[in-house]
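The values are calculated or read from the model by the stated rules, or taken from the named source; none is laboratory data. Predicted, not measured: the structure shown is a model, and the values here were computed from it. Cβ placement follows ideal geometry from the backbone for every residue including glycine, while neighbour counts extend to all protein chains displayed. The accessibility values were calculated without ligands, DNA or RNA, using every heavy atom of the protein model including side chains. Shrake-Rupley method; radii C 1.70, N 1.55, O 1.52, S 1.80 Å.
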Amino acid sequence: MKAVVYAEYGAMPELRDVPEPQCPPAGAVVAVRATGVCRSDWHAWKGHDPVALPNIPGHELAGEVVEVGPAVTGWRPGARVTVPFVCGCGACAYCLAGDAQVCPHQTQPGFTGPGSFAERVAIEAADVNLVALPDSVDFVTAASLGCRFATAFRALTAHGRLAPGEWLAVHGCGGVGLSAVQIGVALGARVVAIDVSAPARARAAELGAMVVETPEAIPDLTGGGAHVSVDAVGSPATAVASVSCLRRRGRHVQVGLLLGDSARPPLPMDLVVAHELSIHGSHGMAASDYPPLLALVADGTLRPDLLVGNRISLDQVGAALAAMDRPGGAGMTVVELP
Ligand SMILES: [Zn+2]
Ligand SMILES: [Zn+2]
């Protein structure tokens, strides 16, 4: 089959013929029909997040099941599916409690094994990790849930417990930030988005957010601070700004990755105590939590497809990853396969 492969960190990924994936005994092989290109793929390609080489990247996929292992009970070939970027083992206490997103034995396509920039990809523990797609949700829309939209949804609902009428602050208007803006507006919150880039602010405004250039404006704008705030960038400055812009009893959710010791933020723990703030980390979303999100996509309440900027083919993945050396871009890029 064809797959996008890089043999060394930073070497241009190439479309090559590679062996077919082996179906795990409790897993499935999925024919990829759409797969998102994400900054996490770029981090692995650059060597910031070590992977075994050569590597087939790609982790935001939707497609059709073509083979299941003998231990799989819930799936048959032909099913239309998506998959969380964190796949649980299905056997540990976390997986059994529905928290596969923090499974200690997790697998991640494109990171711990071959990923989805390929015609077919193997997924472990299919009964735990495959998510059925409603007929009305097409493959590109499902792939655009990716890690970003699904992570933003879980950050605001499970962690932020965002209620209608509350103020949501979103720090950073890239893929995950714009996802949080759209979801916050759809949930009936009042959303303020912060970004240094004027085009990013303009996109957030189109999606229904009030926009500001710096976080200092948030307490006045919100009458005392945000109820929920998300750091969608992942830097010491934005993490501190997010915690600092909360009102009393506010909830901060860290979504942007903070890789390495230099990225440890000096959080204002005095405010956390005095104002009873809570601090959450959000790491994707388990397959078992997808149905409420997919229901809102199926009925049109949420439109992740509006965040898709470019549709490309598999042979353009290398150039798309290389383009991430520079910031910006026009929304999410999704690879379509025939
Ligand atoms: Zn597990
Ligand atoms: Zn991703």
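Descriptive notes on the structure:
- Inter-site label distance for residue 303 and residue 280 at 7 Å from Cα along Cβ, in nm: 2.7 nm
- Eigen-decomposition of the gyration tensor built on the alpha-carbon atoms of the chain gives equivalent ellipsoid semi-axes of 33, 21, 19 angstrom, largest listed first.
- Shape of the stretch 46-127, Cα gyration tensor, a/c cut at 1.5: oblate
- Whole-Å distance, taken between Cα centres, linking the stretch 154-189 and the stretch 278-338: 16 Å
- Per-residue HN-Hα couplings for the stretch 141-154 [Karplus 6.51, -1.76, 1.60; θ = phi - 60°; Hz; x = Gly/Pro]: 5, 5, 5, 6, 5, x, 8, 6, 5, 5, 5, 5, 4, 5
- Rolling a 1.4 Å probe over the protein heavy atoms leaves residue 20 with an accessible area of roughly 90 Å².
- Between the amide H of residue 335 and those of 35, 36, 37, 312, distances stay under 5 Å, these residues lying 5 or more places away or on another chain, with hydrogens modeled in the peptide plane.
- For the stretch 2-106, the dipole from Cβ point charges (+1 on Lys and Arg, -1 on Asp and Glu) about the Cα centre works out to 180 debye, to the nearest 20.
- For the stretch 317-324, Karplus couplings with θ = phi - 60° (6.51, -1.76, 1.60), whole Hz, Gly/Pro x: 5, x, 5, 5, 5, 4, 5, 6
- Adding -39500 (n - 2.57) for every DSSP H run of four residues or longer, then dividing by how many residues the chain holds, sets the calculated 222 nm ellipticity at -6500 deg cm²/dmol.
- Computed FRET value (nearest 0.05) for residue 71 with residue 93, which takes r as the C-beta separation and R₀ as 30 Å: 0.90
- Ligands, DNA and RNA aside, residue 32 has an accessible area near 0 Å² when probed at 1.4 Å.
- Rounded FRET efficiency, nearest 0.05, which uses the C-beta distance separating residue 206 from residue 237 and R0 of 25 Å: 0.45
- Modelled label reach - residue 272, point 7 Å along Cα→Cβ, the stretch 222-245 residues with backbone N closer than 12 Å: 240, 243-244
- Overall form of the stretch 189-316 per C-alpha gyration tensor (a/c, 1.5; a/b vs b/c): prolate
- Residue 194 - accessible surface, heavy atoms, 1.4 Å probe, Å² rounded to 10: 10 Å²
- Accessible surface, the chain, averaged per residue in Å² (probe 1.4 Å): 42 Å²
- Anisotropy class of the stretch 175-238 from Cα gyration tensor, a/c 1.5 cut: rounded
- Spatial offset of the stretch 127-150 relative to the stretch 1-58 amounts to 19 Å, using the alpha carbon center of each.
- Charging the Cβ of each Asp and Glu at -1 and of each Lys and Arg at +1, and nothing else, the dipole of the chain about its Cα centre rounds to 540 debye.
- Extension gain (nm, one decimal) between residue 217 and residue 136, 0.36 nm per residue minus Cα-Cα: 25.1 nm
- For the stretch 238-284, the equivalent ellipsoid derived from the Cα gyration tensor has semi-axes of 19, 12, 8 Å, listed largest first.
- Positive-end residue, the stretch 1-98 charge dipole about Cα centroid, Cβ charges, pick of 88, 44, 12: 88
- The phi torsions of the stretch 332-338, fed into the Karplus equation with coefficients 6.51, -1.76 and 1.60 and a -60° offset, translate into couplings of 6, 9, 10, 8, 9, 10, x Hz, rounded to whole numbers, with Gly and Pro shown as x.
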